1. Count neighbours as other Cβ atoms within 10 Å of each site's Cβ, and list the GluC sites (Glu not before Pro) in segment 75-131 that are DSSP loop with at most 14 such neighbours.
2. In the structure displayed, which of Lys75/Lys134; Lys190/Lys214; Lys214/Lys257; Lys92/Lys187; Lys96/Lys124 lie more than 22 Å apart, Cα to Cα?
3. Using alpha carbon centroids, what distance separates segment 361-406 and segment 93-164, in Å?
4. Counting only heavy atoms of the protein chains, get the accessible area per residue of segment 237-393 (1.4 Å probe) and round it to a whole Å² value.
5. May I ask you to give the solvent-accessible area per residue for segment 33-151, in square angstrom, as obtained with a 1.4 angstrom probe?
6. Once the dipole of the chain is set up with Lys and Arg at +1 and Asp and Glu at -1 on Cβ about the Cα centre, which of Val169, Asn50, Thr2 lies farthest towards its positive end?
7. Quantify, in whole percent, the carbon and sulfur part of the accessible surface of the chain (1.4 Å probe; protein heavy atoms only).
8. Near the amide H of Val88, under 5 Å away, which other amide H atoms are found, from residues 5 or more places off or on another chain, if H is placed in the peptide plane?
Amino acid sequence: MTIRITKPLIPDEYVVDNRVYTDQRVFDLERERIFLRVWNFVCHESEIPNAGDFITATVAGQPIIVCRNQAGEIKAFYNTCRHRAAQVVFDKTGNKRLFTCLYHLWSYDLDGKLVGVPEVEAYKTSFCPEGLPKEETGLVPVRADSMHRLVFVCFDDETPSLAAFLGEVAEELRFPFSSQDLRVEVKWTKNLHANWKMQPENSRDGYHAPLLHKRLRGVSPPKPFRLYPGGHAVQHLGLDYEAGRKAGTLDGILAEKPELAAEFMAHPLPGLTLDKPSKIITLFPDTLIAIRYSTLVIERQVPIHPGETVFETRHVYLGADSEAIRDLRNIHWLLYWAEDGGNLPEDWEAWEAQQRGVHSIGARYSLIARGEPANEGLRGDDNRIRSFWQEWRHYIGTTTNAPPEV
């Protein structure tokens, strides 16, 4: 059998071998060499404001607990009992004084210390005359740190600090996330039949924005982007609903109630200004933060296998918001990121179409060749996508955007 496979005659860094989206070996390498080594976003500090508050999450295939201890510090642990390795906490969120395993009722405090073992005297044996060494059998800690109240975890003890990992892009996160009044909540999660890399590519792709998302035409004029070291990037955007009204591109509730636009712009999130009302922050490898003046979305991913990813989406409000203003922020959020309308469902359809397409044997390569190489410029080229792939190659240890040679 002979199947023709044609590779574009351009340098390797401007093409992607589509097998990276379907190959299980690539997926396993990404988990080992990227997600287990980098700092991964897990939540905002406002999600665990009080002692005993916790969330559970899966990061790089690892079950973890993130909590606030009695001293007000944020701690993270593997969500695994040290006795028979059962998952300890099942709830996604909550408040507990102790984490107790259902299997044999071993319990741990908010610092991960083992504090309760039924019938503990049975552990005094000839081979362990001192009994169970509780100080050695607490929950295993995971590195946790915050930047402007955004909480990240890292499994690799050799990885540099969170501040070093983020570098200069950290300043882009200061507003609105450092505000003590900001409240962040998980809005919903969704399983998609798409490889995890399609989201970070899409969020760095300004080319598709006015083409796939017609409601953005005129509303979000391009502003400068900037590439940061480490595969991070920021795309600044305009936010002009009046231009969208004149262009006839407003849809959804804004088409029915155009007066809402002025209300959206009357309640900015802390630190945002009309000259810089909107931006998209992409943190390597897969965190998306899209800010729209009075609202924003944070999207983290849980890769399941090469063709399935869970998307976890957050929204925000302010502690000082009245119920009416909170509702207004929610309407603004839904305009862009509702499950049944807005930009995200259009993106999901594109990603799942892409996932089906990348299985083609003959059409093995896709292009990221739009625009001259640059670290700064306007939306519409592929420099932010190429920056992602440059960092991907660095972590995977290869020179091409393709499965490494065996």
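1. Values: sites: Glu119, Glu121, Glu130; in loops: Glu119, Glu130.
For GluC sites (Glu not before Pro) across segment 75-131 that sit outside H, G, I, E and B with at most 14 neighbouring Cβ atoms in 10 Å, the list reads Glu119, Glu130.
2. From the list (Lys75/Lys134; Lys190/Lys214; Lys214/Lys257; Lys92/Lys187; Lys96/Lys124), the Cα-Cα distance tops 22 Å for Lys190/Lys214; Lys96/Lys124.
3. First find each Cα centre; the distance between them is then 40 Å.
4. Details: 6510 Å² over 157 residues.
Accessible area per residue: 41 Å².
5. 49 Å²
6. Towards the positive end, the residue furthest out is Thr2.
7. 50 percent
8. Thr80, Cys81
The values are calculated or read from the model by the stated rules, or taken from the named source; none is laboratory data. Worth saying up front: this structure is predicted, and the values here are computed from it rather than measured. Virtual Cβ from ideal backbone geometry, glycine too; neighbours counted across all protein chains shown. All accessible areas refer to the heavy atoms of the entire protein, side chains included, with ligands and DNA or RNA removed. Shrake-Rupley method; radii C 1.70, N 1.55, O 1.52, S 1.80 Å.
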